[in-house]
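**Q** Below are the structure tokens for one structure; questions will follow.
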Amino acid sequence: MTSDPEAAAAFAAAFSDSADGRWDAPGRVNLIGEHTDYNRGYALPIALPQVVRCYAAVRAGDRVRVASQQYPGEVVDASIAELGLANIDGWARYPLGVVHEFVRRGHSIGGIDLLLDSDLPIGAGVSSSAAVECSVALAVSDLFSLGTTREELVDIAHTAENFYVGAPTGKLDQSAAMHCTTGHAMLLDFADDHRTQVPFDLAERGLALLIIDTMTKHELAAGAYAERRSECERAAALLGVGSLREVTNTDDLAGLPTLLERRARHVVTESARVLAIADALTTRADPRIIGPMLAAGHASLRDDFEVSTPELDTAVDVATAAGAHGARLVGGGFGGSVIALVEVADVAAIDHAVTAAFRSAGFADPRTLVAAAAAAARRVR
Ligand code: GLA
């Protein structure tokens, strides 16, 4: 991430003018509740202090121009009216998809320049793409005084990702970026989008949530995520229910073909883990008791849902052996990050142990950071 003066210089270089404001949207980690969102289940994310920043300005005319500090020298320029037909590749699909979605919904939008900057690692499973979408969505709504509610902004960002980018994700990431609050995890019920803020302060208990980025990249659009989603839908159809949310007892899955039974078992047991962890946090029980549930969540993603990788499994196993109370992969899987619940005093030792294990396995060095529960998307200036 560059500083504001550097971004101002980059904005001037790209668009020969200055920005009207800056809008930030956070990345997220999900404490528990993976692959539950599109099954109308539960999840429990926190927003991170690391953000995507969108510097934006209204312009005369009907064009949207977008640049990124992470892709220097490239300015993508498109007619707003023709965005639906534009053949756009790569990072620019996320911001342009959001602009397109506003227009598709009948909002009146004029010309706009957007410069993106990020301190979120891309492909690390911490939702940099949703942070891009949400920062742009908030900027567009503010700059054109559209008065769009946060619920609709979540919908706009999510629709952009599904139909413009073409990744059939659920609403977890955009909901976290738009609705999380500092010092809380957020219990999300995807059956009706109900949200409950749950106190989340590990530091007061001498604990930390360590994010271990395995530096292996996932590609959600690349099929495996969509395949899992359709397996869940097939399981629900065979069970005669609208979604796997309606199943709470794993005994009811017994008649399914083995593969679909395992997929569905992950979803059903994962939602139960979300509720148990949310309950432990709400009653302010010692957070150490959630460690085994995190471990069970990882085993379920690894064995039943089959979205883990050797790097993710190594990070989980080594962190646990080095003293973590529990660890699991976060996000969609197939690479990205692991979270580990650790004693503050053990952070450095666990970091070293994982790095050493990665080196001896011939993996790239992992990167770690300590997570904190931060605020949702907002206008900064
Ligand atoms: C990705 C998707 C989310 C969610 C998670 C898995 O992050 O974008 O919608 O499905 O994977 O929990």
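The values are calculated or read from the model by the stated rules, or taken from the named source; none is laboratory data. Please read all numbers here as calculations on a predicted model, not as lab measurements. Positions of Cβ are generated from backbone atoms using ideal geometry, with glycine treated the same way; all protein chains shown enter the neighbour counts. The area values use the complete protein model at the heavy-atom level, side chains included, leaving out ligands, DNA and RNA. Shrake-Rupley method; radii C 1.70, N 1.55, O 1.52, S 1.80 Å.
**Q** Restricting the range 325-354 to residues that are under 16 Å from Leu202 (Cβ atoms) and within 23 Å of the chain's Cα centre (by Cα), which is nearest to the ligand (Cβ to nearest atom)?
**A** Within the range 325-354, the first condition is being under 16 Å from Leu202 (Cβ atoms), and the residues that meet it are 325-328, 330, 339-347, 350.
Those left that are additionally within 23 Å of the chain's Cα centre (by Cα): 326-328, 330, 339-342.
Numbers: Gly326: 17, Ala327: 16, Arg328: 11, Val330: 8, Ile339: 13, Ala340: 18, Leu341: 18, Val342: 22 Å.
Checking each candidate, the answer is Val330.
**Q** Run down Arg288, Arg302 and say which single residue is open to solvent by 10 Å² or more (accessible area, probe 1.4 Å), within 16 Å of the ligand (Cβ to nearest atom) and part of a helix (DSSP H, G or I).
**A** Details: Arg288 fails: within 16 Å of the ligand (Cβ to nearest atom).
Checking each option against the conditions leaves just Arg302.
**Q** Quick one: Tyr55 ticks every box in (1) closer than 30 Å to Arg328 by Cα; (2) surrounded by 24 or more Cβ atoms within 10 Å (Cβ to Cβ); (3) not β-branched (Val, Ile, Thr) except a single one, so which number is it?
**A** The number of the failed condition is (1).
**Q** From the list Ala353, Ala327, Ala357, which residue is open to solvent by less than 40 Å² (accessible area, probe 1.4 Å) and part of a strand (DSSP E or B)?
**A** The unique qualifying residue is Ala327.
**Q** Suppose we keep only residues that are surrounded by fewer than 24 Cβ atoms within 10 Å (Cβ to Cβ) and among the small types (Gly, Ala, Ser) within the range 305-324. Which one would you say is nearest to the ligand (Cβ to nearest atom)?
**A** The qualifying residue nearest to the ligand (Cβ to nearest atom) is Ser308.
**Q** How many residues, within the range 74-90, are outside any loop (DSSP other than H, G, I, E, B), at pLDDT below 95 and either β-branched (Val, Ile, Thr) or under 24 Å from Phe11 (Cβ atoms) (or both)?
**A** 2
**Q** Filter the range 101-129 for residues that are of a type outside the set (A, V, I, L, M, F, W, C), on the phi < 0 side of the Ramachandran plot and buried (at least 19 other Cβ atoms within 10 Å of the Cβ) and give the result.
**A** Result: Glu101, Asp113, Asp117, Ser118, Pro121, Ser128, Ser129.
**Q** To continue, here is another question. When the range 4-38 is examined, which residues are found to be open to solvent by 50 Å² or more (accessible area, probe 1.4 Å) and part of a loop (DSSP other than H, G, I, E, B)?
**A** Passing the criteria: Ser16, Asp17, Ser18, Asp20.
**Q** Return only the number of the condition from (1) assigned to a loop (DSSP other than H, G, I, E, B); (2) touching a Phe, Trp or Tyr at 6+ places or on another chain (Cβ under 8 Å) that Leu114 does not satisfy.
**A** Answer for Leu114: the failing condition is (1).
**Q** Specify which of the listed residues (Leu187, Leu153) is away from the ligand (no atom under 12 Å from the Cβ), more than 19 Å from Pro95 (Cβ to Cβ) and not β-branched (Val, Ile, Thr). Give the steps one after another, and end with the answer.
**A** Values: Leu153 fails: more than 19 Å from Pro95 (Cβ to Cβ).
Matching residue, one of Leu187, Leu153: Leu187.
**Q** Looking at the range 104-118, is at least one residue touching a residue at least 24 places away in the same chain (Cβ under 8 Å), in contact with a helix residue (DSSP H, G or I) (Cβ under 9 Å, 6 or more places away or on another chain) and farther than 20 Å from Phe144 by Cβ?
**A** yes
**Q** Let me ask something additional. Quick check on this structure: which one of Val140, Val132, Val98 is within 17 Å of the chain's Cα centre (by Cα), more than 14 Å from the ligand (Cβ to nearest atom), crowded, with 24+ Cβ neighbours inside 10 Å and at pLDDT 95 or above?
**A** Of Val140, Val132, Val98, the one residue that is within 17 Å of the chain's Cα centre (by Cα), more than 14 Å from the ligand (Cβ to nearest atom), crowded, with 24+ Cβ neighbours inside 10 Å and at pLDDT 95 or above is Val98.
**Q** Which one of Ala60, Ala81, Ala14 is small (Gly, Ala, Ser), farther than 30 Å from Leu172 by Cβ, more than 14 Å from the ligand (Cβ to nearest atom) and free of Cβ contacts under 8 Å to residues at least 24 places away in the same chain?
**A** Just one listed residue meets the conditions, Ala81.
**Q** Take the residues of the range 171-183 that are in a loop (DSSP other than H, G, I, E, B) and buried (at least 22 other Cβ atoms within 10 Å of the Cβ): which is nearest to the ligand (Cβ to nearest atom)?
**A** The residue in question is Lys171.
**Q** Can I ask one more? Need a quick list: strands (runs of 3 or more DSSP E) entirely within the range 184-283 having at least 1 residues that are open to solvent by 50 Å² or more (accessible area, probe 1.4 Å).
**A** Filter on the range 184-283 gives 184-189, 194-199.
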